[in-house]
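Undergrad: Before anything else, here's the structure in question.
The values are calculated or read from the model by the stated rules, or taken from the named source; none is laboratory data. As the structure is a prediction and not an experimental result, all values here were calculated from the model. Positions of Cβ are generated from backbone atoms using ideal geometry, with glycine treated the same way; all protein chains shown enter the neighbour counts. Side chains included, ligands, DNA and RNA excluded: accessible areas come from the protein's heavy atoms. Shrake-Rupley method; radii C 1.70, N 1.55, O 1.52, S 1.80 Å.
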Amino acid sequence: MSEESFISAIVGITTFISLFLAFFLVTVKTKNRLSNCLFAFFLLLIVIDLSSFLFGSQSQSVSNLGLLRNLAVFLQPPTLYLYILSACFVDFKLQPKHALHLVPFILVNLVFFPRFYLQSQEEKLLFLQDFRSTFEIQFNHIFFHIQVTAYLVACFLVLKKVKRLYLENYAGANIKSYYWLFQLTIAISVFYALALAKNVFKFSVFDTFSEGIRIGLFVLQFIIICWYLFKALNHPDLFRNLNSRLQLVEVLLSEQKKEDDNQSKGQDELLWLKKYMSEEKPFLNPALTIQTLSDEIGIPARELSILINHKMRQHFFDFINSYRIQSAVDILKDPSKKKVTILEILYEVGFNSKSSFNTAFKKHTGSTPTSYRLKNS
């Protein structure tokens with residue numbers, strides 16, 4: 001198989017899978033419809049970008065529609081960013097202010113307007129002949145990578161905040177959503193980093209390296225799309241979004257008024273919390289959140305968050321898991337429960353996955369559940 005045939009096959013399969021996945025995301029019944037639609041649009045932008053290879057011709061590449069199609073790549077980073085926001089926050093909605101994300105796309109089109117869009121076919125061909133020295137094309141590449149860097153940094157900052165909010169307010173499997181989005185953002189970052197390297201070589205004397213990286217980009221794009229398809233089909237309920245009104249403990253502390261005689265109140269609440277955890281065992285609920293516990297115990301969620309995450313110097317996630325692990329340890333030590341499997345134990349104490357149970361158990365005890373049982377049998 002020739003190099004061009006290989007690339008054509010990869011691009012063709014990627015295009016088909018992207019369109020199939022976009023159709024699936026738009027039509028599947030889910031509470032995360034906006035999130036699905038945004039990623040479907042992101043996939044369509046990828047297809048539009050790939051179409052320049054599948055259906056591009058010399059005449060099309062110098063047409064206004066052809067240039068517009070190529071510049072649609074400027075819509076990819078903001079769409080990814082909005083997707084991350086919508087996947088993280090359940091109450092996220094598109095608002096008029098989000099139209100500002102169209103500014104880079106509009107700006108780069110305006111740059112090409114005088115010397116390309118308004119010119120004849122012959123003048124357009126002359127314009128593209130020496131692309132290395134053409135200001136508009138150089139600006140296009142530089143501005144795109146600046147835009148990509150800015151949006152990827154914004155995505156990682158959002159994910160960093162989301163992880164902290166998860167740890168401070170949830171004790172279930174919500175953290176999986178963060179890990180998945182983080183992995184996706186890393187994969188896309190690697191893709192854009194390779195695209196940057198390709199363009200650097202493209203405008204240098206080592207332009208032959210550019211073609212090799214270009215092939216690698218097609219393969220990586222194919223892998224990322226297939227990976228996302230696998231996740232979407234096997235874990236349709238992966239995302240349990242946060243409420244964007246949740247605040248980090250450091251924000252709550254900064255807004256809190258000076259403490260007067262609240263020290264004794266805080267100690268009383270702490271004692272009541274520990275007593276409630278030991279007697280009522282709310283941690284057995286795998287979907288427990290700080291709001292749920294707040295409703296049960298009668299302490300406002302704001303105060304409870306500060307009490308656990310700040311005064312006890314523990315994330316809510318670790319606080320709840322410490323009780324779950326202690327409960328699991330008691331079962332593992334009980335001679336009458338030797339026949340109870342590890343899987344049964346983890347579900348009984350409030351975990352909903354073996355991997356999260358093993359990780360938490362090793363963090364709190366220094367050994368795996370199986371080895372701990374053997375040592376104490």
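Undergrad: Would you call GLN326 open to solvent by 60 Å² or more (accessible area, probe 1.4 Å) and not hydroxyl-bearing (Ser, Thr, Tyr)?
TA: The answer is yes for GLN326.
Undergrad: Working carefully through the options ILE17, ILE84, ILE7, find the one that is assigned to a helix (DSSP H, G or I), touching a Ser or Thr at 6+ places or on another chain (Cβ under 8 Å) and β-branched (Val, Ile, Thr).
TA: ILE84
Undergrad: While we're looking at this one, here's another question. Of the numbered conditions (1) in contact (Cβ under 8 Å) with a residue 60 or more places away in the chain; (2) not in a helix (DSSP H, G or I), LYS31 satisfies every one except a single condition; which is it?
TA: Against the list (1) in contact (Cβ under 8 Å) with a residue 60 or more places away in the chain; (2) not in a helix (DSSP H, G or I), LYS31 comes up short only on (1).
Undergrad: Related question: Of everything in segment 264-300, what is touching a residue at least 24 places away in the same chain (Cβ under 8 Å) and more than 25 Å from GLU348 (Cβ to Cβ)? Give them in sequence order.
TA: Within segment 264-300, GLY266, GLU269, LEU270, TRP272, ILE299 qualify.
Undergrad: Quick check on segment 22-49: of everything there that is touching a Phe, Trp or Tyr at 6+ places or on another chain (Cβ under 7 Å) and polar (S, T, N, Q), which residue is most open to solvent (accessible area, probe 1.4 Å)?
TA: ASN32
Undergrad: Name the pairs: first residue in segment 134-145 and within 17 Å of PRO78 (Cα to Cα), second residue assigned to a helix (DSSP H, G or I) and hydrophobic (A, V, I, L, M, F, W, C), Cβ to Cβ under 7 Å, at least 6 apart or on different chains?
TA: From residues that are within 17 Å of PRO78 (Cα to Cα), the pairs are ASN140/VAL108; PHE143/VAL108; PHE144/VAL73; PHE144/PHE74; HIS145/LEU196.
Undergrad: In addition: Of everything in segment 170-179, what is open to solvent by less than 10 Å² (accessible area, probe 1.4 Å) and part of a helix (DSSP H, G or I)? Give them in sequence order.
TA: Selection gives SER177 alone.
Undergrad: Helices (runs of 4 or more DSSP H) wholly in segment 300-371 with at least 3 residues that are within 16 Å of MET277 (Cβ to Cβ) and of a type in the set (D, E, K, R) - which ones?
TA: 316-333
Undergrad: With the structure loaded, tell me whether LEU94 is out of contact with any Ser or Thr (no Cβ under 9 Å at 6 or more places or on another chain), open to solvent by 20 Å² or more (accessible area, probe 1.4 Å) and hydrophobic (A, V, I, L, M, F, W, C) or whether it fails that test.
TA: Against the criterion (out of contact with any Ser or Thr (no Cβ under 9 Å at 6 or more places or on another chain), open to solvent by 20 Å² or more (accessible area, probe 1.4 Å) and hydrophobic (A, V, I, L, M, F, W, C)), LEU94 does not qualify.
Undergrad: Limited to segment 91-119, what total is found for residues that are within 18 Å of LEU157 (Cα to Cα) and among the hydrophobic types (A, V, I, L, M, F, W, C)?
TA: Residues meeting the conditions: 1.
Undergrad: If you don't mind, another one. PHE131 passes all but one of (1) within 30 Å of ASN32 (Cβ to Cβ); (2) open to solvent by 30 Å² or more (accessible area, probe 1.4 Å); (3) aromatic (Phe, Trp, Tyr); (4) touching a helix residue (DSSP H, G or I) at 6+ places or on another chain (Cβ under 7 Å); which number fails?
TA: (1)
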